[in-house]
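What follows is a set of notes on a single structure, which appears directly below.
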């Protein structure tokens, strides 16, 4: 803020523009809103249909144009503008009304009407006596539902059918929505190719199958969309997934290698695994391979002879894997360390395979962080910081540290999780601006953390760690939350600590913008409580603002984590079945609240190969507990304690949530903070229009009477009609901060210098400069030197310019009716414009040239520096321009442009930079608010890799359900991911790992479909998972439409090597159409029997 603006603000404050006070010497006017009224408004600018928009208002009355006071007993009404609600609105929502308290404050809850996503206009009216004003605020209506869409894999086979699952939750409560129609569409090039209509169950879920069109284009793609339509067939909630064709290529053997860790310490043992799969992606057991391991700077042998000599041998297990380990080097290069590279090679089915992987060896530096609970440190206030110490692998460091800084000298001991809380009351002037380093371009303070004992993570050293902590010098305080993790529907205690003792408006908004709540705090230091909505969940932003603060007035932020009333927990165990390739297992699952109470709902499952590239990350994002802890930055081990109120976690809660502060929500209207600027701009615009009216009036003697008149005492005053002309010509009409039309008396209250003589003198200055500029142009164009006879008599030269039409007589007319003249003068001359020995002057108010009230030059001061009138019209710039000289022509042009810019020359002129609509009845976005673009929710692939989908099934009354899950044909560990959705709570996820543990098993490879007359040698794959060779007996039976080609083949004996596999075949014939079945019973001494029933379909000949 420059010194002129400071002077302007100071002047207005002296006149009484102080929120909540009045400085009227004669007492308070009888009408507290004589010169208008206005509203402070603090509200969220988005919400979902059905949500209540909490509106915080403070009514302000203006007893004078420059005085604002809280308005008690004012009637407040908020109503939606029906024109903004959309089409086909038959009944407009009713208004919500309230009355302000003794401090002019009120709180209204205005519900968002149902409808599609769009911007709505909220009309907020205030009435006091005969005065009324309406303000408008834009609020975005979001979509009504959050839709999640899942598929097992976004890579699809053209011509196939895929399974999908949809979950619909209400945006305001995140509760499942039952019996809701959902359209599941497959779009190709924006056009719908397939559409399935679904209806959600009590858990808000629906499952469907969608056929993928045939396509030969590998670059083709489809968009799968789940959409809930509104009454206007608008999008009330949707999710999308882009599907692309799976590349179908002939299978080839593959080899892979992986270290168990990304990095290891010097001297530690590094473990690895090498895997082999054949062309059908089956494990290659009992196969020989070789591998080489070396540090950075070495390379594997390039010739076969050297490779066979140096590389180590390995033999794959029945799972097709070789596991091993190696001690890492004990001495490595400092800082950079080294890498251990593993190269493995093998021959499978005549193909040479190779796999490479690396692990880093080194001692990465430990890290120490300080996380302020407010996100930044505020000088002069006691506050907490979370100290977090971790080694180079992110593991906690337990130890004692000293923490020192400006006004800080503490000793703390970190917990088993590497955390400790530091309390700091920094000086008010803490920190300094930094132009380099981690806090460059900001104010920061240095804090030094030093270990006080020998800690392995620090290599036994006790050297200091310097941390850069950001400082905020402008913020007036801190928001303090007693419990930063709170349950929905419960009260939250909030305090605003700081040097400013004032009431605060506190608004809490959800991360998705769908919900909000708010309250007034009479005294921020005493605090108060706000109750969270029952459906709240996730991160919420707390925004605290105090009305009328002009400096450092941004909203104060805080972040809390809201936990839903019920935190669902899904548990699952394998209870039976056949854990073998191609087998089925039984899983018992239970949905509960985590404390023994069962929850009814649905449970879906998907099984995938854990070691074949599969992952269930897509499901984790919707598990309620995992999602809440992820957004807070808490790991799985501490998640439950973090969410469920463990008091020892409060320091961690404060530190982690403080690091997640985002921009707070400022007021959309704050007249106490903006009145000065609004008044300055409006005042400047009105004064320029008034000067323009006077300027236009002195273009002829006949019009002078339209501008001013001479009173009985000889003083000049404005013509009363001039004010009407001045304001009528302005678009839009000027209004005071209270919204009332500007009156001439308002101008005089703002600055007593507003008079006809002052306005006329400012207009005359411009006219003087224009005449001098015309004279200068004549001299220049005629190449006249100072000694030319024509310049010896300037009055004659002036008459000559008038005769030649280069000037008119009206150009020499001043607003009092006098005529500008050159008169002899001594003293300083005006460069480039003055004529030697003469000065151009205007007669002024007395009409006589050469008297004391003459205006003697275009840069003569008219207004006192620092006054509102002078600041509004740039008086000092005009006066100082006399010294701003360059080359003659440039200087004259610059002077002329400046005076024209800063002097009104046209009735209704707003001048440059005046801004339009000051104080008008429309809302503005707060400075700290960020508008949010509409979101498009993207769906998830539940897993990656080959997967088997099990549609949702209902639980019983105790939340239990039994699922039968098919396993794939791979010899691997299968992971079953389960997704449970309670009827009245948010989702939960669980996983069960099922390793192939059956000691002896058989797998039938007969295909899924035959044609009548087919006779096929069906392959039987037998696996022995024991460490002894097994003599297995097979009993075979063909059932249904299938029969054994040779009845004597119903019995077989096969020897299977230890930890190995063997294959045999049996010929089967399909004589007619129908269902076929092959039963294989495998027995061996001392081992449990294994029974496989493989079924397939036999189609009539000629049918596909």
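Quick note: the coordinates plus some simple rules give every number you see, no bench work behind them. Because the structure is a prediction, the values reported are computed rather than measured. Backbone-built Cβ (ideal geometry, glycine too); neighbour counts: all protein chains shown.
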Practice prompt. Give, in nm to one decimal, the length gained when the segment between residue 1049 and residue 215 is fully stretched (0.36 nm per residue of separation minus the Cα-Cα distance).
Written response: 295.9 nm
Item to complete: Considering the convex hull of the alpha carbon atoms of the stretch 124-186, report its projected area averaged over all viewing directions, in nm², one decimal.
Response: 8.0 nm²
Worksheet item: Got a sec? How would 130, 525 order by Cβ neighbour count within 10 Å, fewest to most?
Response: 130, 525
Worksheet entry | Spatial separation of Cα centroids for the stretch 729-804 and the stretch 1036-1104, in angstrom | 110 Å
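Rank the residues 67, 331, 600 as a footprinting-exposure proxy: fewest other Cβ atoms within 10 Å of their Cβ go first. The partial results should precede the final answer.
Working: 67 27, 331 8, 600 18.
Least to most surrounded, the residues fall as 331, 600, 67.
Using only the Cα atoms of the stretch 84-171, what semi-axes does the equivalent ellipsoid have when each is the square root of 5 times a gyration tensor eigenvalue? Give whole Å, largest first. Don't jump to the answer; show the numbers that get you there.
On the way: eigenvalues 428, 43, 21 Å².
For the stretch 84-171, the semi-axes come out at 46, 15, 10 Å.
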Worksheet item: Label points 7 Å out from Cα along the Cβ direction at residue 637 and residue 826: separation in nm?
Response: 9.6 nm
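Relative to the compact globular guide of 2.2 N^0.38 Å, what is the alpha carbon radius of gyration of the stretch 981-1104, as a ratio?
On the way: Rg = 18.6 Å, N = 124, 2.2 N^0.38 = 13.7 Å.
Output field value: 1.35.
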Practice prompt. Calculate the translational D of the stretch 663-760 in whole µm² s⁻¹ from Stokes-Einstein, where the hydrodynamic radius comes from the Kirkwood formula applied to all Cα pairs, the temperature is 4 °C and the viscosity 1.567 mPa s.
Written response: 87 µm²/s
Fill in: Rel. contact order, % - alpha carbon contacts under 8 angstrom, at least six apart, the stretch 367-563
17 percent
Practice prompt. For the stretch 47-111 and the stretch 137-209, compute the distance between their C-alpha centroids and round to whole Å.
Written response: 37 Å
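Relative to the compact globular guide of 2.2 N^0.38 Å, what is the alpha carbon radius of gyration of the chain, as a ratio? It would help to have the intermediate numbers written out before the result.
Values: Rg = 42.0 Å, N = 1104, 2.2 N^0.38 = 31.5 Å.
Rg over 2.2 N^0.38 Å, computed on Cα atoms: 1.33.
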Worksheet item: Expressed in whole Å with the largest first, what are the equivalent ellipsoid semi-axes of the stretch 367-563 derived from the C-alpha gyration tensor as the square root of 5 times each eigenvalue?
Response: 33, 21, 14
Worksheet item: How many times 2.2 N^0.38 Å is the alpha carbon radius of gyration of the stretch 266-361?
Response: 1.17
Item to complete: Name the shape class, rounded, prolate or oblate, that the alpha-carbon gyration tensor gives for the stretch 145-245, where a ≥ b ≥ c are the square roots of its eigenvalues, rounded holds for a/c under 1.5, and otherwise prolate holds if a/b is larger than b/c and oblate otherwise.
Response: prolate
Worksheet entry | Long-range tail of P(r) for the stretch 674-902 (Cα pairs > 26 Å, %) | 39 percent
Item to complete: Rounded to the nearest 10 degrees, what's the angle between the helix 671-697 long axis and the longest principal axis of the chain, both from Cα atoms, 0 to 90?
Response: 40 degrees
Practice prompt. Could you please rank 706, 993, placing first whichever residue has the fewest other Cβ atoms within 10 Å of its Cβ?
Written response: 993, 706
Item to complete: Could you pull the Rg and Dmax for the stretch 309-359, using just the Cα atoms, both in Å?
Response: 14.5, 45
Worksheet item: Expressed as an acute angle from 0 to 90° and rounded to the nearest 10, what is the orientation of the C-alpha long axis of helix 756-781 relative to the principal long axis of the chain?
Response: 90 degrees
Discussion item. As I understand it, the value is the acute angle between the Cα axis of helix 3-15 and the longest principal axis of the Cα atoms of the chain; what does it come to in degrees, rounded to 10?
Written reply: 80 degrees
Discussion item. Out of all DSSP beta bridges in the chain, what portion is antiparallel? Express it as a percent rounded to 5.
Written reply: 95 percent
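Looking at the stretch 145-245, send over the antiparallel percent of its DSSP beta bridges, to the nearest 5. Show your work: numbers first, answer last.
On the way: 36 of 38 bridges.
Approximately 95 percent, going by the DSSP bridge assignments.
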